[in-house]
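The values are calculated or read from the model by the stated rules, or taken from the named source; none is laboratory data. Treat the numbers as computed from the prediction; the structure is a model and nothing was measured. Using ideal geometry, Cβ is built from the backbone for each residue, glycine included, and neighbour counts are taken over all protein chains shown.
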Amino acid sequence: MTEREQALIAQADDEVAKHEENIKNDPYRLTYHLMSPVGLINDPNGWIQWNGMYHMFYQWNPFKAGHGAKFWGHYTSTDLVNWKHEPIALAPSEWYEKNGCYSGSAVDLDGKLTLFYTGNVKDEQGNRESYQCIAQSEDGITFDKQGPVIDGLPEGYTAHFRDPKVWKLNGMWYLVIGAQTEDLKGHALLYRSGDGRDWTNLGPVAGAGIPPLQSFGYMWECPDMFSLGDKDVMIVSPQGLDPEGMHYHNTYQAGYFVGELDYETPKFHHGAFDELDRGFEFYAPQTTEDEKGRRILVGWMGVPDQQEDQHPTVDNGWIHCLTIPRELRLQGDRLIQVPVEELKDMRTGEVEHTAANLQAGSQMLEDVSGDVAELELTDFSDLPSFFEVELRGTARLIYDREGKVLTLERKNFADRLTEKRQCHLEELRSIRIFMDTSSLEIFVNGGEEVFTLRYFPSPQARDITFTSSEKAVVTVKKWGLKG
Ligand code: FRU
């Protein structure tokens, strides 16, 4: 480790110690979601199960609850429920990463846990350079930086060139990386390597202006490519999509294409883009295949440049968190997200109302309330024309059966005015909600639609209220969740 790296890590550790007490007492601190101990967390990085152990790294600015020169923070877990915060994996100490060890991924290369990440460099005029770097570890905890393995920009592209996601197929290494053309179109480029160090650019596989897409954003961040069943899926976070009906209302989007990647041409033949999440805070997700063969996704519960200075936690020196891990499945060309099975181990104290009779109007159900809880609604019979679940007075999920529209409303962090996100929903069959002190993850119809968001109810608020336009019958279950 260089002296500079040691010094930066010591400064970050000081920051953690300085704010620990204050942050611990923040009622909005989450109980079972991964957060940075201080400062800002954004993208999940280097998500992998390596020699049995799950590793989740993350973009971290320890010095303020805002963006800056990013570190890689690090958590490990054996069971996806209990997580241990590990020493900092990467600090932006070297010339090729001095303005941030930006996002990337992890693989096993030569038996070592190997991180591929973007070294972000800016000069005084704000001109950017981008280096794709590697760092390796034998014990999975301390990393030995080896510097850039891709140090130039491809011709015709700007220095917005970042977030390598690496995988191995038939003895060859591949990576996709987010890029921006000189005429400001977002692309994903494919690279190939025999040894993981010497990389050849195979060209763009998908992007704005590449059929079937026309204009589709000025930058693509955090591409991820994997096969699921007999199809290939690309997840990506495009920037610069205009709102369209119920879609694209967040500052930036995160979604996916399903298709087939032809490694030779190379081209990704794909269908339409769909957002992964209908909520307010979801971006830059990353997936990994674990040792059980599951494709597991974790996202950042935040969006760059979206109300970031208005989160009430900023005053206490921290902001944002990651989502719970979700298993991905394909249903036709649709991705379904299901919270990983292991999360059921967090459940405590089950409350069940089998075939509960709801009256027309608003009501609460006995013992169905809480702040850190899981709520499940199934077996709707006689679905009313209008049905609503209100959570802690601050967010509401509303289904309009005639309009076939599902709406999520919440009170804005700053002015408390109502804002909403919506999606089309043919029929409502089930709702499963993961509530934490200041977050909601709402899985509808077994994960066909998901709404992820932060919310900041009064810390004492516990009420869960059901409102129905007519009499209705539904089975409601509720558990406490231990973090
Ligand atoms: C996405 C992103 C990435 C970049 C990282 C920097 O949120 O902008 O493209 O690598 O965050 O923190």
Scanning region 102-130 residue by residue, those touching a residue at least 40 places away in the same chain (Cβ under 8 Å) and within 14 Å of the ligand (Cβ to nearest atom) turn out to be Y102, S103, G104, S105, L115, F116, Y117, T118, N120
Being of a type in the set (G, A, S) and part of a strand (DSSP E or B) is the filter here; which residues of region 368-420 pass it?
S369, A373, S381, A395
If you take the residues of region 59-84 that are surrounded by fewer than 22 Cβ atoms within 10 Å (Cβ to Cβ) and assigned to a strand (DSSP E or B), which of them is nearest to the ligand (Cβ to nearest atom)?
Y75
Condition first: assigned to a strand (DSSP E or B) and either within 18 Å of the chain's Cα centre (by Cα) or without any contact (Cβ under 8 Å) to a residue 24 or more places away in the chain (or both). Now tell me which residues in region 307-333 satisfy that.
W318, I319, L322, R326, E327, L328, R329
Scanning region 142-177 for residues that are closer than 24 Å to M1 by Cα and touching a Leu at 6+ places or on another chain (Cβ under 9 Å), the one surrounded by the fewest Cβ atoms within 10 Å (Cβ to Cβ) turns out to be K145
Quick check, is P87 within 16 Å of the ligand (Cβ to nearest atom), in contact (Cβ under 8 Å) with a residue 60 or more places away in the chain and part of a strand (DSSP E or B)?
no
If the Cβ limit is 7 Å and pairs must be 6+ apart or interchain, which residue in region 50-66 that is within 24 Å of L80 (Cα to Cα) and not assigned by TED's automatic domain parsing to the domain that holds L80 pairs with which residue that is within 13 Å of the ligand (Cβ to nearest atom) and part of a strand (DSSP E or B)?
none
Every residue in region 340-373 that is β-branched (V, I, T), loosely packed, with under 15 Cβ neighbours inside 10 Å and within 32 Å of the chain's Cα centre (by Cα), please.
T348
What residue, of P44, P87, is surrounded by fewer than 22 Cβ atoms within 10 Å (Cβ to Cβ), assigned by TED's automatic domain parsing to the domain that holds P164 and modelled with pLDDT of 95 or more?
P87
Restricting to region 448-478, name every residue that is part of a strand (DSSP E or B) and under 24 Å from the mean Cα position of the chain (by Cα).
E449, V450, F451, T452, L453, R454
Please report, ordered by residue number, the strands (runs of 3 or more DSSP E) entirely within region 189-301 with at least 3 residues that are basic (K, R).
none
Flagged in region 46-58 as more than 13 Å from the ligand (Cβ to nearest atom) and in a strand (DSSP E or B), in numbering order, are W47, I48, Q49, W50, M53, Y54, H55, M56
Among residues of region 421-447 being in contact with a strand residue (DSSP E or B) (Cβ under 6 Å, 6 or more places away or on another chain) and not in a strand (DSSP E or B), the residue surrounded by the most Cβ atoms within 10 Å (Cβ to Cβ) is S438
Of everything in region 90-101, what is within 16 Å of the ligand (Cβ to nearest atom) and out of contact with any Asp or Glu (no Cβ under 7 Å at 6 or more places or on another chain)? Give them in sequence order.
L90, P92, Y96, E97, K98, N99, G100, C101
Condition set assigned to a loop (DSSP other than H, G, I, E, B) and free of Cβ contacts under 8 Å to residues at least 40 places away in the same chain, scope region 131-141, selection surrounded by the fewest Cβ atoms within 10 Å (Cβ to Cβ): answer is D139
Of all residues making up region 274-296, the number that are away from the ligand (no atom under 16 Å from the Cβ), touching a Leu at 6+ places or on another chain (Cβ under 6 Å) and under 20 Å from G332 (Cα atoms):
1
Here is a check on your reading of the model: is D309 farther than 17 Å from W60 by Cα, more than 16 Å from the ligand (Cβ to nearest atom) and not hydrophobic (A, V, I, L, M, F, W, C)?
no
